[in-house]
Amino acid sequence: MRLLILGAGPAGLAVAERLRELERLAGAGASACDIEMVSDEDHPPYSPPALADHFLTGRESTLFWKGRDALERLGVTHRRGQAVRAVHPGERRVTLADGTSLAYDSLVIATGSRLYAPLPGADLPGLCNFKSLTAARALVERVRRGEARRALVVGAGFIGVEVALVLRALGLAVTLVERDWVMSSTLEPETADLVRAALCARGIRVLDGQAAAAFEGAGHVEAVRLATGEPLTADLYGALMLKGADVRAYGMRLLDPGFGAGSMAFEALRGRGA
Ligand SMILES: Cc1cc2nc3c(=O)[nH]c(=O)nc-3n(C[C@H](O)[C@H](O)[C@H](O)COP(=O)(O)OP(=O)(O)OC[C@H]3O[C@@H](n4cnc5c(N)ncnc54)[C@H](O)[C@@H]3O)c2cc1C
């Protein structure tokens, strides 16, 4: 059997590991499945929760938590840096961005989610995020090249807080804008006050209870407009509104509406389809 896994994140890796484990339990007579994995990033599987630690300490052992050679050890062929553009379920194949067609017997879509900023101007060039190793590296390299001294982070969920702390540790003046209270989806206001105090103690300016209404700029992001009408400016803007992260099947087209009806993957693809 030929299994194709789209996405080399923790979920995609877990599928490959579990399958190999089941093959081992089935005994030596069982035929090994041919597994191929496709990811649009050019990295071995990594752990996003370890990104902040990696950029502050340079440590790789927690980032590549299963080892850089995890897929080789599992006998998985990894196509790196290749985005999947279309799934053709009727023909059991996918098309990559470069036009390559890959056939499969079974398909796993493990393409994760993306941060979602439901504000006007959120598609302006120059808006940063910390969702992937590629995006986080680009952001940190800008800071290390001295291209930014002031950062404005919109969204104080746990990732927004983490990014604010990383940027502050890298020496930037950081403002964190939050509509509700800090980490409001996970913490009660009383506990959140402790986090807020810790952020302020590190020199982070916390504007909670302040809704951002839009990202603005001519050709690239130049300001955040608050709902009060006040504009805030910085050298670097981050949108980290995790609440509402959507399933990241965007950019892929589903070419057979009968595919997997009722499954999450189908709903996600249909919701953002061609
Ligand atoms: C900064 C940060 C900190 C976090 N901290 C925590 C934490 O402390 N605790 C916790 O539980 N969770 C945390 N999370 C969330 C956690 O990382 C995710 O829940 C987890 O990574 C989801 O795994 P996944 O494999 O489903 O998706 P992902 O890790 O998003 O992997 C999806 C993969 O698919 C690839 N891909 C997407 N689209 C395509 C395409 N069209 N073609 C080819 N490849 C594609 C992506 O490049 C990626 O390699 C954090 C996330 C971030 C960003």
When the helices in the chain are scored as -39500 (n - 2.57) per DSSP H run of 4 or longer and the sum is shared across all residues, what 222 nm value do you end up with, to the nearest 500 deg cm²/dmol? -8000 deg cm²/dmol
Where labels lie 7 Å past Cα in the beta-carbon direction, separation of Glu188 and Ala227 in nm: 2.5 nm
Principal axis lengths of the stretch 127-239 from Cα atoms, whole Å, largest first? 38, 30, 24
quick note, the stretch 127-239, DSSP beta bridge pairs, % antiparallel (nearest 5) is 30 percent
Computed over the chain, the distribution of all Cα-Cα distances in 10 Å bins, rounded to whole %, is 6, 25, 29, 23, 13, 3, 0
With a 10 Å Cβ neighbour count serving as the proxy for reagent exposure, in which order, fewest first, do Ser106, Ser61, Ser47 appear? Ser61, Ser106, Ser47
Where the only charges are on Cβ atoms (+1 Lys, Arg; -1 Asp, Glu), what is the dipole of the stretch 1-75 about its Cα centre, to the nearest 20 debye? 260 debye
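Need one number: % antiparallel among DSSP beta bridges in the chain, to the nearest 5. Please list the in-between numbers first.
Numbers: 15 of 46 bridges.
So the antiparallel bridges in the chain amount to around 35 percent.
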I'd like to verify something in the chain: which complete DSSP H helices, judged by Cα projection on the helix axis, reach 15 Å or more and average at least 0.0 on the Kyte-Doolittle scale? 10-26, 133-144, 158-169, 189-201
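I need the GluC sites (Glu not before Pro) found in the stretch 132-193, filtered to DSSP loop residues with at most 15 other beta carbons within 10 Å of theirs.
Glu147
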Charge dipole magnitude, Cβ of K and R +1, D and E -1 - the chain, Cα centre, debye nearest 20: 340 debye
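With Cβ to Cβ distances under 15 Å as the rule, what net charge do the other residues near Ala198 carry (K, R +1; D, E -1)?
Net of charged neighbours comes to -1.
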Share of Cα-Cα pairs in the stretch 1-42 lying beyond 18 Å, as whole percent: 29 percent
Would you mind working out the magnitude of the charge dipole of the stretch 167-238 relative to its Cα centre, with +1 at each Lys and Arg C-beta and -1 at each Asp and Glu C-beta, to the nearest 20 Debye? 200 debye
Suppose each label sits 7 Å from its Cα in the direction of the beta carbon; what would the Glu141-Ala197 distance come out to in nanometres? 4.1 nm
Trypsin sites (Lys or Arg not before Pro) lying in DSSP loop within the stretch 1-77, provided at most 12 other Cβ fall within 10 Å: Arg59
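FYI, it's all coordinate maths here, none of it is from the lab. Treat the numbers as computed from the prediction; the structure is a model and nothing was measured. Every residue, glycine as well, gets a Cβ built from its backbone with ideal geometry; the counts of neighbours run over all protein chains shown.
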